[in-house]
Amino acid sequence: MPVVAAGSLLDFALADHNFSMPVGRISFQHIEPMGFPEYLLAHGQERLLAPLSAWRPGTELSAAAHEQALRWFYRFAMVGGMPAVVAADVAGRQPRQVRELQKDLVAAYRADFAKYSGRMDRNILDAVLQAVVASLGRKFVHTHVREGVKQHQAKHALDLLSMAQLVHQVRHTAANGLPLGAEVKNSFRKVVAADVAVVHALLDTPAAQAYPEWASLAPALRGQLTDQLAAAQLRLTVSGAGGGPELYFWQREGGRPGEIDYLVQMQGRIIPVELKSGASGAMKSLHQFMFERRLALAVRADTNPPSVMAVNVNTTQGNAVSYRLISVPLYLLWNLPAILGE
């Protein structure tokens with residue numbers, strides 16, 4: 001008997017020790033917010049989605065399709081994938097009204113915190129949620145949540161928000177081999193929101209008669225949105241079975257700078273994903289990581305048309321490294337399994 005269940009307290013109910021779970025008789029499939037391809041379909045953009053879905057390494061995507069896809073993706077970046085919000089956008093509601101709907105949804109989530117009574121003070125939950133949005137793209141530090149919120153309180157609140165599926169934790173991995181989850185460091189983590197709509201509602205991103213142009217946004221905000229949007233699209237590439245999609249990142253320890261934004265397991269290999277909110281940027285950390293882990297394939301996501309190139313450089317330590325780089329626009333990250341399958 002197929003059953004669809006929803007609600008912010010669902011995972012709490014399943015975790016209750018009094019709940020009798022029929023082991024071996026139930027399988028799980030977690031449903032994510034709508035991704036970019038579903039957003040295009042909702043707007044009747046099948047003709048645009050076709051060449052995007054068909055792109056593979058060694059082929060070209062027309063400049064017209066790329067520019068059109070970027071325009072739609074920047075709109076998607078403002079709307080997000082919450083079904084009610086997408087429906088309002090498709091219906092032609094003004095950006096200001098769409099933003100108000102996003103705020104209403106987040107307000108409902110926050111009001112729902114009252115159901116967590118006995119588990120955590122709702123003010124602490126709210127402070128941690130605000131801290132998650134403020135720290136997008138960076139390591140989440142429990143002690144930086146808010147004055148008066150203790151580390152153990154912040155950690156417990158973050159776990160509760162994760163169980164409610166309002167945020168997702170991205171765990172640090174040493175990435176010395178597969179599976180990536182075998183070498184995690186629980187004291188290191190990034191955190192992303194369930195959807196970019198949550199980010200806009202909490203940051204109060206402006207929207208009136210039109211959404212702000214991507215280039216007009218503050219560089220810091222563009223970086224935060226890029227990290228959030230990439231995480232949401234990468235989660236669609238991972239199976240939703242069991243506990244749901246898992247993402248990882250890597251950061252060098254010991255004082256030397258170095259970070260890989262995301263790491264995924266795909267096609268039986270470790271795939272590092274480097275993010276850029278614009279069309280350019282250095283890749284020193286990626287070069288060093290590829291040399292140290294002896295990897296042959298990496299992905300870079302930015303605003304350029306998709307391409308493939310052979311990288312042959314020296315790292316900052318003077319070591320020669322060679323690998324293949326698949327460069328894709330941010331709007332194609334959801335299709336990485338098919339792209340890398342080629």
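Note on region 256-277: residues that are more than 15 Å from the chain's Cα centre (by Cα) and within 23 Å of A218 (Cα to Cα) total 1. Of all the numbered requirements in (1) at pLDDT 95 or above; (2) surrounded by 15 or more Cβ atoms within 10 Å (Cβ to Cβ), G92 misses one, and that requirement is (2). Just to be sure I understand the filter: pairs with C-beta atoms under 8 Å, separated by 6 or more residues or on different chains, first member in region 38-61 and at positive phi, second member at pLDDT 95 or above and of a type in the set (D, E). Which pairs pass? As it stands, the answer is none, since no pair meets every condition given. Close Cβ contacts (under 6 Å, 6 or more residues apart or on different chains) running from residues in region 172-198 that are free of Cβ contacts under 8 Å to residues at least 12 places away in the same chain to residues that are surrounded by fewer than 23 Cβ atoms within 10 Å (Cβ to Cβ) and of a type outside the set (S, T, N, Q) comprise E183/A174.
If you go through region 285-342 and pick out every residue that is surrounded by 16 or more Cβ atoms within 10 Å (Cβ to Cβ), acidic (D, E) and within 27 Å of F36 (Cβ to Cβ), you end up with 1. Annotation note: of V85, V132, V106, V98, the sole residue that is modelled with pLDDT of 95 or more, closer than 20 Å to G7 by Cβ and assigned to a helix (DSSP H, G or I) is V85. So, in region 199-231, of the ones that are part of a helix (DSSP H, G or I) and in contact with a His (Cβ under 9 Å, 6 or more places away or on another chain), which residue ends up farthest from N186 (Cα to Cα)? Residue satisfying both the conditions and the ranking: L225.
Assess whether V167 counts as being surrounded by 15 or more Cβ atoms within 10 Å (Cβ to Cβ) and under 19 Å from the mean Cα position of the chain (by Cα).
Working: surrounded by 15 or more Cβ atoms within 10 Å (Cβ to Cβ): yes; under 19 Å from the mean Cα position of the chain (by Cα): yes.
Spelling it out, V167 is indeed surrounded by 15 or more Cβ atoms within 10 Å (Cβ to Cβ) and under 19 Å from the mean Cα position of the chain (by Cα).
Just one of the listed residues (D121, D159) is acidic (D, E) and under 27 Å from T226 (Cβ atoms), namely D159.
Could you tell me whether any residue of region 9-18 is assigned to a loop (DSSP other than H, G, I, E, B), within 30 Å of A241 (Cβ to Cβ) and of a type in the set (F, W, Y)? No, region 9-18 contains no residue that is assigned to a loop (DSSP other than H, G, I, E, B), within 30 Å of A241 (Cβ to Cβ) and of a type in the set (F, W, Y).
Take the conditions more than 23 Å from A338 (Cβ to Cβ), touching a residue at least 24 places away in the same chain (Cβ under 8 Å) and touching a His at 6+ places or on another chain (Cβ under 7 Å) and apply them to Q251. Does it pass?
Values: more than 23 Å from A338 (Cβ to Cβ): yes; touching a residue at least 24 places away in the same chain (Cβ under 8 Å): yes; touching a His at 6+ places or on another chain (Cβ under 7 Å): yes.
Taking the combined requirement at face value, the residue satisfies it.
All of (1) closer than 24 Å to D112 by Cβ; (2) touching a Phe, Trp or Tyr at 6+ places or on another chain (Cβ under 7 Å) hold for H30 with one exception: (2). Can you work out which of the residues in region 139-186 that are touching a Leu at 6+ places or on another chain (Cβ under 9 Å) and assigned to a strand (DSSP E or B) is nearest to Y109 (Cα to Cα)? The qualifying residue nearest to Y109 (Cα to Cα) is V167.
Residues of region 66-94 that are among the acidic types (D, E) and more than 14 Å from H43 (Cβ to Cβ): E67 alone. Residues being modelled with pLDDT of 95 or more, outside any loop (DSSP other than H, G, I, E, B) and hydroxyl-bearing (S, T, Y) are entirely absent from region 283-298.
Just one of the listed residues (V3, V79) is β-branched (V, I, T), without any contact (Cβ under 8 Å) to a residue 12 or more places away in the chain and more than 18 Å from L336 (Cα to Cα), namely V3.
The values are calculated or read from the model by the stated rules, or taken from the named source; none is laboratory data. Quick caveat: nothing in here was measured; it's all calculated off a predicted structure. Backbone-built Cβ (ideal geometry, glycine too); neighbour counts: all protein chains shown.
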